[in-house]
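Data block below; observations after.
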Amino acid sequence: MKPLDGRTVLLTGATGTLGRSIADAYARAGARLLLSARHDAPLQGLAGELSARYSTEVAVHPCDLSDAADIRRLPDEARRLFDRLDVLVNAAAVLGPVGPLWEVDWAEWTRAIDINLCAPARLCQLCVRSMPRSAGRGKIINVAGGGATSPRPRFSAYAAAKAALVRFSETLAHEVADRSVDVNCIAPGVLRSRMSQAVLDAGPERAGPEEHGKAERVLKEAADGRLRAAELCAFLASDASDGITGKLISAIWDPWESFGEHRADLGATDVYTIRRILPEDRALSWRGL
């Protein structure tokens, strides 16, 4: 038995740098896949590769995540093809406008919020309703990262959406606890991706010298975090992660392979969550102010 045998996965952003690695990890683990992205031809090519390599069922359904009707059709297509939906992975994202807030195009800014936050939230809403409540646990995995845990100047739409996606996922995890659905976010780490290229193309004046330099270094390096992030996604879709929910997990820095040994601590504490920092947390005493 493979760890994801019999499970059906809906994956958005499937033809992106990270999405392809996640799709490969899931197919290798035995999952049945419904892959989604904007364009049909790359989806068909990826589906053919995975089906041939792993002898698993792989279907595709193009979707524009800025189109509400397209979003509604995705879970219906998964149920039509596979009769069930066990795992949702929201990996699709756009960088959004780059530059100081007062200089960016407002329509592009709100579009980035729609695609990076509203679309994943809507898919969660639609998919939770049909996730199994008897045979196994449902799993939702939202890809966060870049800007979710610290300010990211000149990328305000992307950072705001990803931070909101983390708090949304924490909240949803509490709401679906009695439905046997686990909800988590992952921070995949730095990737050699179209998004990194977009930062480089924006130039140091718009992206800022620090972000531009980081993108330059990443695109020159041979290695990135995509395989590690894909392995984390496979873990979070499997029985091994049952009951681990409401967390933001770094694929690169956190010891997630051992989380099963610490399930009780994970469930009883706020580790791997975003929280307000108090003066006492930094050895400061401001009593009386």
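For region 172-187, the set of residues classified as part of a helix (DSSP H, G or I) and either within 16 Å of the chain's Cα centre (by Cα) or of a type in the set (A, V, I, L, M, F, W, C) (or both) consists of 172, 173, 177, listed by residue number. Could you tell me whether residue 252 is surrounded by 11 or more Cβ atoms within 10 Å (Cβ to Cβ) and under 24 Å from residue 9 (Cα atoms)? In short, yes.
Just one of the listed residues (229, 198) is touching a residue at least 24 places away in the same chain (Cβ under 8 Å) and in contact with a helix residue (DSSP H, G or I) (Cβ under 7 Å, 6 or more places away or on another chain), namely 229. The single condition among (1) among the hydrophobic types (A, V, I, L, M, F, W, C); (2) under 15 Å from the mean Cα position of the chain (by Cα); (3) at pLDDT 90 or above that residue 190 does not meet is (3).
Looking only at residues that are of a type in the set (Asp, Glu) and within 17 Å of residue 31 (Cα to Cα) in region 223-241, which one is modelled with the lowest pLDDT? The extreme case among them is 239.
Just checking, does region 166-176 include any residue being β-branched (Val, Ile, Thr) and touching a strand residue (DSSP E or B) at 6+ places or on another chain (Cβ under 7 Å)? Don't jump to the end; show me each part of the working.
At the first step, the residues of region 166-176 found to be β-branched (Val, Ile, Thr) are 166, 171, 176.
Filter once more, keeping what is touching a strand residue (DSSP E or B) at 6+ places or on another chain (Cβ under 7 Å): 166, 176.
For region 166-176, residues β-branched (Val, Ile, Thr) and touching a strand residue (DSSP E or B) at 6+ places or on another chain (Cβ under 7 Å): present.
Scanning region 249-269 for residues that are within 13 Å of residue 189 (Cβ to Cβ) and among the aliphatic types (A, V, I, L, M) yields a count of 3.
Which of the residues that make up region 201-220 are within 19 Å of residue 101 (Cα to Cα) and either in contact with a His (Cβ under 8 Å, 6 or more places away or on another chain) or among the charged types (D, E, K, R) (or both)? Walk me through it before giving the result.
Within region 201-220, the subset within 19 Å of residue 101 (Cα to Cα) is 201-212.
Hits for region 201-220 are 201, 202, 203, 204, 205, 206, 210, 211.
Among the residues of region 108-147, those identified as over 16 Å from the mean Cα position of the chain (by Cα), at pLDDT 95 or above and among the charged types (D, E, K, R) are 108, 111. Looking only at residues in region 255-289 that are among the aromatic types (Phe, Trp, Tyr) and in a helix (DSSP H, G or I), the one that is nearest to residue 13 (Cα to Cα) is 256. Among the residues of region 215-261, just one is small (Gly, Ala, Ser), more than 22 Å from residue 1 (Cβ to Cβ) and touching a Lys or Arg at 6+ places or on another chain (Cβ under 7 Å), namely 251.
Between 180, 150, the distinction of being modelled with pLDDT under 95, surrounded by fewer than 19 Cβ atoms within 10 Å (Cβ to Cβ) and more than 20 Å from residue 116 (Cβ to Cβ) belongs to 180 only.
Just to verify a result, which residue in region 255-289, among those that are small (Gly, Ala, Ser) and either under 18 Å from residue 229 (Cα atoms) or without any contact (Cβ under 8 Å) to a residue 24 or more places away in the chain (or both), is surrounded by the most Cβ atoms within 10 Å (Cβ to Cβ)? Give the derivation first.
Taking region 255-289 as the starting set, the residues that turn out to be small (Gly, Ala, Ser) are 258, 260, 264, 267-268, 283, 285, 288.
Retained after the next criterion (residues that are either under 18 Å from residue 229 (Cα atoms) or without any contact (Cβ under 8 Å) to a residue 24 or more places away in the chain (or both)): 258, 260, 264, 268, 283, 285, 288.
Values: 258: 8, 260: 15, 264: 9, 268: 8, 283: 6, 285: 8, 288: 4.
Among them, the one singled out is 260.
The values are calculated or read from the model by the stated rules, or taken from the named source; none is laboratory data. None of these values were measured; they are calculated from a predicted model. Methodologically, a virtual Cβ is constructed for each residue, glycine included, from the backbone with ideal geometry; neighbour enumeration extends over all protein chains shown.
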